[in-house]
Each structure stands twice: as C-alpha cells, then as structure tokens.
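**Q** What follows is a structure written as structure tokens; I'll ask about it next.
Read the figures in this text as sums done on the coordinates, not as results from a lab. None of these values were measured; they are calculated from a predicted model. Ideal geometry is used to build each Cβ from the backbone, glycine not excepted, and the neighbour counts take in all protein chains shown.
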Amino acid sequence: MDLSDTPAEAGFRCGLRSWLAKAMAELGPPPDPADWPARRAYDTAWQRQLYEAGYAGVHWPAEAGGRGAGPVEHLILLEETERAGAPYVGANFVGLLHAGPTIVAEGTPEQRRRYLPPILRGEEIWCQGFSEPDAGSDLAALRTRAVRDGDHYVVTGSKIWTSHAEVADWCELLVRTDPEAPRHQGISWLILPMDASGVTVRPLRTLAGTTEFAELFLDEVRVPVSNRVGAENDGWRVTMVTLSFERGTAFAAEVVACRRTLGRLARLAETEGAWTDAVLRRRFGLLAGQFDALWRLVQWNVSEAAAAAARTGGDAVPGAGASVFKLRFSEARQELYDLAAEVLGSGSLLLGAVGEEEDWTGQRLQGLSYTIAAGTSQIQRSIVAQRILGLPKPRSATRGS
Amino acid sequence: MDFRLTVEQRELQAAVRALLAGRFGPERLRAAVDDDGGGPDPVLWAELRRAGVFGLRGPDGADGSDGRAGSDGLGLGLAEAVLVFEELGRALVPGPLVATELAGALGLDGTAALVRLPAGRGPLLVEQLPRLDLLLVLDTGSGELRRVDPAEVAAGAEPVRAVDPLTPLWRVDAALPSGTLLDRADAALVWTEGTLLTAALQVGLADRAVRSAVVHAGRREQFGQPIGAFQAVQHLCADMLARLEPARVAVRAAAVVLDADGATPAARAAVAGAKLLADEAAVRGARDCLQVHGGMGFTWEADVQLLLKRSWVWQHSFADSEECAELLSRQLLL
Ligand SMILES: Cc1cc2nc3c(=O)[nH]c(=O)nc-3n(C[C@H](O)[C@H](O)[C@H](O)COP(=O)(O)OP(=O)(O)OC[C@H]3O[C@@H](n4cnc5c(N)ncnc54)[C@H](O)[C@@H]3O)c2cc1C
C-alpha cells in the first residue's frame with residue numbers, strides 16, 4: 001500500500017501545478033450556464049489549452065494523440081485541476097470520459113485516428129444517445145432501428161435526455177440492428193454525425209430551469225457502416241465498457257470538488273451561526289469522512305485497474321466496483337447540498353449565488369439527477385448484488401425478449 | 001502510487017486468516033459463548049502472541065535479549081497492523097486486542113486494556129478487568145499516559161451484565177490510582193492508533209456481516225426461490241457492501257498516512273473519518289445482516305447477534321462517532 005507519488009508522478013504533479021497556476025491566472029470568468037454556444041466555446045478553449053500544454057488524454061495512447069501515461073497520471077490530473085478550481089470537463093464530458101475511452105478500447109485503428117485527436121484538441125463535442133422514452137433503466141428495450149442499406153445504416157427512432165445534444169458534433173448512438181435476436185444481442189454501437197440530414201434536436205427544460213439535455217429525433221438518417229464501433233449486434237458488450245467508464249472515473253474529479261465545497265460550506269455555516277449546532281457539525285464531519293473515503297476508493301480502483309492493464313497489456317477498464325462508487329458518491333453529493341439548505345435556512349428558497357458563494361440551491365436542484373443519470377441508484381444496487389456479491393437473478397427479469 | 005496490497009501484505013493477511021480459521025473457527029466461537037463469558041481464551045491468546053499479533057510494531061529481531069519472553073517485535077507498520085486487525089475483527093476474537101497491541105508497541109508485555117479520563121458519556125467500563133496484566137490510563141487533560149495496576153482497580157470495581165456475551169465488563173466508580181507515568185509515550189498518538197486499529201476490527205466485522213447475509217440469502221428459500229433473488233434483499237446487501245468498501249480503503253489509507261507522517265492534524269482527521277465510516281459499516285451492516293436472517297437472526301443460536309453486539313462494543317472503544325465527527329468538522333474550518 002503506497003499512496004505517495006513515485007518520482008515520475010511527483011514530477012508530473014509539480015509541472016502540472018505550476019502550469020495550472022499560470023493558466024488559471026489568465027482564465028476569463030465562466031459563461032452564463034444557459035448560454036450553450038458560449039459554454040461550448042469556453043469548455044473547448046480550456047480543453048485546447050490542456051492539449052497544447054500536453055495534458056490532454058494523459059492516459060490515452062500516443063497514436064490517439066494522448067500522452068501514453070498510466071491511469072495514475074490521469075488521476076493526478078483530475079485531482080490537481082479540480083484543486084486549482086479549473087473548469088470542469090463540461091461540454092467535453094461524453095467525448096473525454098466515455099466515447100473516447102470506448103473508442104480507445106474498442107475502436108478500429110481508423111476510428112481511433114479519426115475521432116480521438118479532435119476530442120483531445122477540444123474541436124469536437126460528443127453526446128450520448130442511449131436512453132429512449134421507453135428504454136431508460138431497461139436500456140436493452142431500445143427500439144431505434146438501423147436497417148442495412150449497402151454501406152450505410154438507415155436509422156429511425158428517437159432518443160431522450162441526451163445531454164449536450166444542442167452543441168454536439170457526434171453522438172454515441174445505440175441502435176437495434178437485429179429485431180429478431182434476443183434483446184441484448186441485436187444492438188449495435190454507432191457514431192452518429194449530428195449534422196446528418198434527418199436529425200432533429202429539441203431541447204428539454206430540467207427542473208433546475210436549465211436546458212441540460214434534449215430529445216433527439218432520427219428520421220431515416222444515413223450512417224456509414226464504418227461508423228460502427230465493435231461488431232454488428234455486439235453493441236451491448238461495447239455499451240457495458242462505456243458505462244463502466246461513466247460510473248468509474250468519470251465522477252472522480254467531482255469528489256475533490258465536493259470536498260472543497262464542503263469546506264466553503266463549513267465557513268458559511270460559521271458566519272451564518274449554524275456551526276454552534278452540534279448535530280449539524282456532526283453531519284459535516286460524516287460527510288468529510290465520506291468524500292475522503294470516496295477519493296481513496298477511486299485511488300484503490302485505479303491502482304487495481306492499472307495493475308490489471310499492466311498484466312494483460314490491455315486498457316484499464318474499470319470493473320463492477322465502479323457501481324459501489326457511483327452509488328455512494330451520488331448520495332453523498334445530494335447530502336452535501338441538503339446540508340447547505342439547512343445552513344441557509346429560508347435562504348435556501350432563493351436561486352442564485354449567495355454573496356461570493358455559489359448557487360447552493362441551483363446546485364441542489366441539479367444534484368437531484370445524480371441518483372438517476374448514468375444508471376439509477378436502484379439499478380446500481382442490483383448490479384452490486386448480482387455481479388459483485390453473486391446473488392441470484394430475480395426470476396421475473398429472466399424474461400425472453 | 002500503488003495502493004494495492006504488496007505481496008508480503010497479502011501473505012500476512014492470508015497467514016493470519018488461516019491461523020484464525022484453525023484456532024478460532026465457528027465452533028470455538030460458539031464454545032466461547034457457551035463458556036459464559038470466560039474472557040480471552042488463554043490458549044488462543046498465547047498463540048496470537050506467539051504469532052506476533054501483539055508485537056507487530058515492536059522493534060524487529062530483539063531475540064529476547066532483554067530476557068522477556070515474546071518481546072520480539074515484527075518491526076512492521078500500521079499498514080500491516082490494520083490488515084491483521086481486519087482479520088481479528090472478522091473472526092470476532094474476544095478480548096482487549098487493541099490495547100494489548102498498543103502496549104506491545106510501547107514495549108510493555110501482557111494483556112492490557114486502556115481507558116481514557118474523563119470518560120465519554122456513560123459509566124467508566126473496563127473489559128476483562130481481573131484478567132488484565134496492565135491497565136493504561138490516558139488523561140486527556142494533561143496528555144499523560146499512565147500505567148496502573150489492574151488488581152488495585154479491580155478492588156473498587158463491580159462486574160456488570162454486559163450486552164456482548166464475549167465482552168465481560170467491570171464498572172469502575174472509584175477514582176483510579178495514579179500509577180506510573182509512561183513518559184516516553186505520546187498519548188495523543190496512542191489514542192489515534194487505537195482508534196484506527198478499532199476501525200480495522202469493525203471493517204473485518206462488517207465484511208463478515210455482508211458475507212454472512214449473502215450466504216444466507218443464497219440458501220434460504222421463500223415463495224419458491226432464494227430470498228437473495230428478491231430485490232429488497234439484494235438492495236440491503238448492496239448497501240452493506242457500499243458502506244464497507246469506502247470504510248475499508250479509508251482505514252488502510254489512514255494507516256499509510258499515519259505511518260508516513262505521524263499524527264499530523266490531517267492524519268488524525270483521516271483516522272477519525274475511517275472510524276466513523278467503519279463504525280457505520282459494522283453497526284448498520286450487522287443490523288442489516290440480522291434483517292436478512294429473519295426470525296433465525298433473532299435467535300441466540302445464530303451468530304448474527306454476536307456481530308451486532310460486538311459492533312456496539314467497538315463503536316464505544318477509543319474515539320466514538322461523536323468525537324470523530326467533531327474532530328473532522330473542526331478540521332474543515334482550518
Ligand atoms: C441529467 C440527466 C442527464 C442524462 N443524460 C443522458 C445522456 O446524455 N444520454 C442518455 O442516453 N441518457 C441520459 N440520461 C438518462 C438516464 O440514463 C435515465 O434517466 C436513467 O437511466 C433512468 O431511466 P428512466 O429515466 O427511464 O427511469 P425509469 O427506468 O423509468 O425508472 C424510474 C424509477 O424506477 C426505478 N426502476 C426502474 N427499473 C428498475 C428495476 N429493474 N429495479 C428497481 N428499480 C427500477 C428506477 O430506479 C427509478 O427510480 C440522463 C438523465 C438525466 C437525469
């Protein structure tokens with residue numbers, strides 16, 4: 001058990017820190033969260049800066065435009081950028097944290113060459129078209145059809161809750177390529193160009209009043225067969241790879257952010273007078289312990305994944321343990337903003353920033369999605385019970401189609 | 001950074017697990033219960049001592065040259081000690097394990113208990129009082145650690161009915177004798193280490209709770225299928241694991257930090273967080289394990305009660321939830 005940096009890791013961290021200090025000093029204020037084009041511009045410009053400094057895709061292979069370092073360096077990058085208060089991946093989320101890693105793990109050499117570098121350079125934005133109106137938790141119930149026509153698939157159907165769809169260039173799209181096959185076996189993973197004819201995006205408004213996601217309508221959209229990642233009808237397996245990234249390290253940086261936010265909230269509680277309440281202080285203590293432990297869990301999982309990758313010579317794909325992390329983290333983040341509401345009292349009924357502090361209530365609303373998006377907490381519990389603990393599958397779920 | 005266990009650490013873990021499976025398996029555990037709280041089994045205790053469990057951190061290669069039997073330490077760190085204590089916790093070994101190990105690390109021999117003054121909420125209770133060789137008294141006010149003769153204390157103490165059948169308690173109402181000052185001991189460090197090792201015991205216990213629930217849920221059938229196929233039961237088990245895993249890594253990380261940096265404020269906060277999470281994983285895990293066992297879980301026959309009751313004992317050993325949460329919350333304002 002060694003938590004200290006190796007000399008190489010320490011050198012990487014040190015260089016990154018000084019670069020961040022300089023880059024952060026020159027960084028402009030973040031845009032209005034409702035202004036998607038501005039957000040895209042801001043997030044991709046930051047990504048470009050990271051790229052030019054050599055910090056984009058540190059753990060991606062060099063042929064993909066990455067640095068070819070290990071997952072530990074990636075973790076250091078997440079930790080340090082978050083500590084420095086640097087912009088979050090934002091609009092680059094899907095590309096950097098799951099479409100990209102999926103293409104690294106499952107794409108063809110041509111696909112890697114074509115799609116990965118623009119993600120790292122902050123030139124192209126991705127969205128995720130998995131969920132459908134009737135296929136959320138039960139993702140394998142998806143119905144969007146892709147019919148082969150020569151060297152194209154003709155895609156018809158609709159997707160929903162597609163984050164960043166308004167500004168995305170590409171979409172990782174799940175389609176049904178064999179309607180006759182058992183439900184998990186007829187699915188394929190496609191790269192959909194968002195500007196293709198027949199693609200319509202209709203923004204949806206969230207309960208926080210923002211437009212984070214959209215509906216996607218696909219009307220006979222022609223997608224080249226060469227845009228398929230993995231074999232035809234093997235999309236479910238590829239999807240499991242994608243989701244393990246989403247639940248594994250995609251939220252890691254947010255743990256660091258939550259820990260820092262908890263510190264700011266403690267100081268706010270002190271000025272607001274709530275700190276004298278021992279019961280409240282106790283909740284602060286417990287949450288601090290939770291976020292610290294969640295960060296240790298990330299380090300543990302990354303150590304395991306790095307060792308497995310070194311052993312097999314393959315890529316570090318997070319295991320089912322990612323669900324344990326996702327489950328605890330999404331709940332702890334909600335507890336953090338519930339605690340903020342208690343500190344603020346009736347002030348929690350107001351939207352917008354409080355003095356120099358953040359928009360606690362806006363974040364509280366936003367955070368309600370954490371136990372739903374990327375697989376609900378109920379689904380995570382079932383995964384933990386069945387795949388990690390090995391409990392039997394419920395009889396009702398082993399239905400045929 | 002490579003947070004995984006080293007080969008040596010895995011071997012140590014496996015060796016202790018095998019030793020305990022052989023010497024303190026399910027039958028021995030039940031026999032100890034039926035023994036009506038006989039206290040730490042002297043044979044087992046001697047074997048643990050021989051295996052080095054109480055001298056993990058004592059200096060290596062002492063060769064008994066100071067003439068005291070069993071005083072050779074293994075020269076290991078807390079990182080190894082927490083792995084051993086996870087196993088002791090999993091096996092539910094009774095007795096004042098933590099204080100005896102702490103005493104060993106201070107170069108003191110013999111079965112030891114540790115109490116702190118002023119005590120927390122509730123009466124001052126000492127485990128196994130008549131069987132102790134040493135009683136360590138930590139004075140929070142002066143920051144001193146003293147060694148007191150347990151026989152002197154026992155004279156003014158009363159045995160009480162204790163909740164855990166394997167942790168007999170004595171209630172001490174009289175003032176404690178002043179004893180001898182251990183002037184080279186860092187009392188705050190000893191308290192922090194004791195808190196961490198107790199957290200490790202809880203992690204082992206919580207691990208046993210989740211395994212026991214899973215085994216039972218896979219075997220017991222109702223409505224024509226194993227109860228483990230029901231989502232309500234699966235989700236209880238999943239939550240047990242989701243509380244355990246962060247606690248386990250928190251304990252291990254705190255040990256590494258304490259080994260490297262000593263009892264810095266950050267390291268003490270790490271230990272406090274680890275104990276908080278470990279207590280929660282153990283106490284709630286044992287409670288959920290009982291629920292999964294249904295009516296069987298409510299019987300004296302089933303071992304679930306032993307898990308639950310011991311988790312309560314360890315929850316009140318060394319820093320409790322209140323103290324840990326206070327320490328952590330203070331740290332937030334720094
Ligand atoms: C902010 C946000 C962003 C999102 N972004 C994207 C995106 O970019 N791309 C994308 O494809 N999707 C996205 N999603 C969709 C998300 O993945 C789904 O909302 C989620 O998987 C749940 O599906 P559902 O909404 O259909 O809920 P349902 O599946 O209808 O679930 C409703 C309730 O029933 C419970 N439930 C359902 N099935 C079970 C079961 N088997 N056992 C126990 N309980 C069950 C659920 O836990 C939940 O409590 C996003 C969602 C949110 C909130």
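**Q** Percent of alpha carbon pairs in region A:1-135 separated by more than 22 Å?
**A** 41 percent
**Q** What translational D, rounded to a whole number of µm²/s, comes out for region A:135-269 from Stokes-Einstein when the hydrodynamic radius is the Kirkwood one over Cα pairs, at 10 °C and 1.306 mPa s?
**A** My calculation gives 96 µm²/s for D.
**Q** Let me confirm one metric for peptide B:250-259, namely the mean number of other chain beta-carbon atoms within 10 Å of its residues' beta-carbons.
**A** Neighbouring Cβ atoms belonging to other protein chains average 4 per residue here.
**Q** For a Förster distance of 41 Å, can you work out the FRET efficiency between the beta-carbons of A:ASP35 and A:THR108, rounded to the nearest 0.05?
**A** Numbers: r = 37 Å, r/R0 = 0.90.
My answer for the efficiency is 0.65.
**Q** Then there is this: Using only the alpha carbons of the protein assembly as shown, determine the length spanned along each of the three principal axes and report them from longest to shortest in whole angstroms.
**A** 91, 63, 54
**Q** Moving on to the next point. Would you mind estimating how fast region B:212-258 diffuses translationally, via Stokes-Einstein at 25 °C and 0.890 mPa s with the Kirkwood radius over Cα pairs, in µm²/s?
**A** The Stokes-Einstein estimate is 201 µm²/s.
**Q** Scaled to the compact-protein estimate 2.2 N^0.38 Å, what is the alpha-carbon radius of gyration of region B:100-167, rounded to two decimal places?
**A** Values: Rg = 12.3 Å, N = 68, 2.2 N^0.38 = 10.9 Å.
Normalised Rg, Cα atoms only: 1.13.
**Q** Arrange the following residues from fewest to most other Cβ atoms within 10 Å of their Cβ: A:VAL384, A:VAL354, A:VAL279.
**A** A:VAL279, A:VAL354, A:VAL384
**Q** Cα-based Rg of region B:169-232 per 2.2 N^0.38 Å, rounded to two decimals?
**A** With N residues counted in region B:169-232, Rg over 2.2 N^0.38 Å equals 2.09.
**Q** Starting from the coordinates of the alpha-carbon atoms of region B:203-334, obtain the Kirkwood hydrodynamic radius over all distinct pairs and give the value in Å to one decimal.
**A** The answer is 15.7 Å.
**Q** What distance in nm lies between label points placed 7 Å from Cα along the C-beta direction at A:SER137 and B:SER142?
**A** For the pair A:SER137/B:SER142, the computed spacing is 6.1 nm.
**Q** Based on the Cβ-Cβ distance from B:ASP183 to B:ARG50, what FRET efficiency comes out when R0 is 30 Å, to the nearest 0.05? Write out the running numbers ahead of the final one.
**A** Values: r = 30 Å, r/R0 = 1.01.
Computed FRET efficiency for B:ASP183 and B:ARG50: 0.50.
**Q** What does DSSP give for chain B in terms of the percent of beta bridges that are antiparallel, rounded to the nearest 5?
**A** Of those bridges, close to 70 percent are antiparallel.
**Q** Cα centroid distance between region B:244-271 and region B:164-235, in Å?
**A** Here the two parts' Cα centres lie 18 Å apart.
**Q** While we're on this one: Averaged over peptide B:224-231, how many Cβ atoms belonging to another chain are found within 10 Å of each residue's Cβ?
**A** Whole-number average of other-chain Cβ neighbours for B:224-231 is 5.
**Q** What 222 nm value per residue comes from the helices of the protein assembly as shown, counting each DSSP H run with n ≥ 4 as -39,500 (n - 2.57) and dividing by all residues, nearest 500 deg cm²/dmol?
**A** Working: 22 runs with 363 residues, N = 735.
Dividing the helical sum by the residues of the protein assembly as shown leaves -16500 deg cm²/dmol.
**Q** Could you give the length gained on full extension between A:ALA231 and A:ASP2, defined as 0.36 nm per residue of separation minus the Cα-Cα distance, in nm?
**A** 78.4 nm
**Q** ³J(HN,Hα) across region B:94-106 via Karplus (A = 6.51, B = -1.76, C = 1.60, θ = phi - 60°), whole Hz, x for Gly/Pro?
**A** x, x, x, 4, 5, 5, 5, 5, 4, 4, x, 5, 8
**Q** Taking amide hydrogens as modeled 1.01 Å from N in the peptide plane, which residues meet the under 5 Å criterion relative to B:GLN225, leaving out close sequence neighbours?
**A** Long-range HN contacts for B:GLN225: none found.
**Q** Then there is this: Neighbour counts of other C-beta atoms within 10 Å: give me A:SER323, A:SER303 arranged from fewest to most.
**A** The order, fewest Cβ neighbours first, is A:SER303, A:SER323.
**Q** Another question, if that's okay. Per residue, how big is the convex hull of chain A when only Cα atoms are used? Give it in Å³.
**A** About 156 Å³ per residue, rounded to a whole number.
**Q** Calculate, axis by axis, the spread of Cα positions in region A:149-228 along the three principal axes, and write the results as whole Å, longest axis first.
**A** 42, 27, 17
**Q** Within a 10 angstrom radius of each residue's Cβ in A:270-277, how many Cβ atoms of other chains show up on average? Whole number is fine.
**A** Per residue, the number of nearby Cβ atoms from other chains is 1 on average.
**Q** Determine, for each peptide in B:99-109, B:177-187, the mean count of other beta carbons within 10 angstrom over its residues, then list the peptides with the highest first.
**A** Packing proxy ranking, top to bottom: B:99-109, B:177-187.
**Q** Give me the compactness ratio for chain B, meaning the Cα radius of gyration over 2.2 N^0.38 Å.
**A** That ratio works out to 0.98.
**Q** Okay, moving on. What percent antiparallel are the DSSP beta bridges of the protein assembly as shown, to the nearest 5?
**A** Working: 47 of 60 bridges.
For the protein assembly as shown, the DSSP antiparallel bridge percentage is about 80.
**Q** In which sequence would A:LEU287, B:LEU306 go, from the one with the fewest C-beta neighbours within 10 Å to the one with the most? Mind dumping the intermediate values first?
**A** Working: A:LEU287 25, B:LEU306 22.
Listed from fewest to most nearby Cβ atoms, that is B:LEU306, A:LEU287.
**Q** Which semi-axes, in whole Å and largest first, does the equivalent ellipsoid of region B:78-215 have when worked out from the alpha carbon gyration tensor as the square roots of 5 times its eigenvalues?
**A** In descending order, the three semi-axes are 26, 19, 13 Å.
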